[in-house]
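This report refers to the structure that appears directly beneath it.
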Amino acid sequence: MKKGFIFDLDGVITDTAKYHYLAWKYLAETIDIEIDIVFNEQLKGISRMDSLERILAHGNKSDAFTLSEKEALAHQKNTHYVELLQQLSPADLLPGVHEFLTEAKQKQIPCGIASASKNAPFILEKLEVADDFQIIVNPDTLKKGKPDPEIFLKAAEMLHITPEEAVAFEDAQAGLDAIKAAGMYAVGVLSGEALHGADILVHRLDELSIETLLAT
Ligand code: B16
Ligand code: MG
């Protein structure tokens, strides 16, 4: 019997990957690195600094910057990204999300957010769904990023449920690997790339029955 839902944010609740991509592409061009939409798939679910490291490696510039220069580059990207986020509204919830969260609330199923994004609280406010989540894991409190299970285990602990009692939702392979390593039931949300290891795969959340999920 399941007792709570743990959601990734980008790619599950809303599609902010396109804004991450625009901001990273712009930043990369300032240091003469070209990235494309295919390369961008590798950045999904990966933390800000790890994303920068992957972009630098892609451009053969892993050793070209000091740590403080890298922090400045990441900060520059985030400033641009947050500017792009200003346009978010409830219309940017992915299809079926509003209905799913409304039904979970009616059934009093606790919901949490396990996102690598430090901007998660701001994004949830813009989408007007912040009140639908009892907890948001602060990625600053974690030692390891996805695919390490830490963020999902922390979310379950904060929701006062065991990993076995959690259903977790992810759109990225790194996140799905994290859910399975945490010993949770995994819903893979497809947005293009194939996903491996999910207990169930859907394109949108309203393909799921909450009753059936809770009974798994
Ligand atoms: P920020 P998720 C992740 O969100 C994104 O998929 C990933 O592309 C991004 O680098 C990461 O958040 C960090 O985001 O720069 O806003 O802290 O999929 O874990 O919800
Ligand atoms: Mg994601």
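Limited to the stretch 137-160, what total is found for residues that are more than 15 Å from ligand 1 (Cβ to nearest atom) and either at pLDDT below 95 or among the basic types (Lys, Arg) (or both)?
Total satisfying the criteria: 1.
Which residues, counting only those in the stretch 161-216, are among the charged types (D, E, K, R), within 15 Å of ligand 1 (Cβ to nearest atom) and farther than 18 Å from Val97 by Cβ?
Across the stretch 161-216, the qualifying residues are Asp177, Glu193.
With within 16 Å of ligand 2 (Cβ to nearest atom), open to solvent by less than 60 Å² (accessible area, probe 1.4 Å), outside any strand (DSSP E or B) and touching a residue at least 40 places away in the same chain (Cβ under 8 Å) as the only criterion, which of Ala198, Ala168, Ala174 stands out?
Ala174
Within the stretch 10-29, does at least one residue satisfy the condition of being surrounded by fewer than 18 Cβ atoms within 10 Å (Cβ to Cβ) and among the polar types (S, T, N, Q)?
no
Inside the stretch 18-61, can you point out the residues that are within 15 Å of ligand 2 (Cβ to nearest atom), in a helix (DSSP H, G or I) and in contact (Cβ under 8 Å) with a residue 60 or more places away in the chain?
Answer for the stretch 18-61, where residues must be within 15 Å of ligand 2 (Cβ to nearest atom), in a helix (DSSP H, G or I) and in contact (Cβ under 8 Å) with a residue 60 or more places away in the chain: Tyr19, His20, Glu41, Arg48, Asp50.
Being of a type in the set (A, V, I, L, M, F, W, C) and either open to solvent by less than 40 Å² (accessible area, probe 1.4 Å) or farther than 18 Å from Val187 by Cα (or both) is the filter here; which residues of the stretch 137-165 pass it?
Listed by number, the residues that qualify are Val137, Leu142, Ile151, Phe152, Ala155, Ala156, Met158, Leu159, Ile161.
Please name all residue pairs, on different chains or six or more residues apart, with Cβ atoms under 6 Å, provided the first residue is in the stretch 89-110 and is farther than 17 Å from Glu125 by Cβ and part of a helix (DSSP H, G or I) and the second residue is charged (D, E, K, R) and open to solvent by 40 Å² or more (accessible area, probe 1.4 Å).
Pairs that qualify, where the first residue is farther than 17 Å from Glu125 by Cβ and part of a helix (DSSP H, G or I) and the partner is charged (D, E, K, R) and open to solvent by 40 Å² or more (accessible area, probe 1.4 Å), are Glu99/Asp206.
The values are calculated or read from the model by the stated rules, or taken from the named source; none is laboratory data. Not measured: the values here are computed from a predicted model. Reconstructed Cβ throughout: ideal geometry from the backbone, glycine too, with neighbour counts over all protein chains shown. SASA here: full protein model, heavy atoms, side chains in, ligands and nucleic acids out. Shrake-Rupley method; radii C 1.70, N 1.55, O 1.52, S 1.80 Å.
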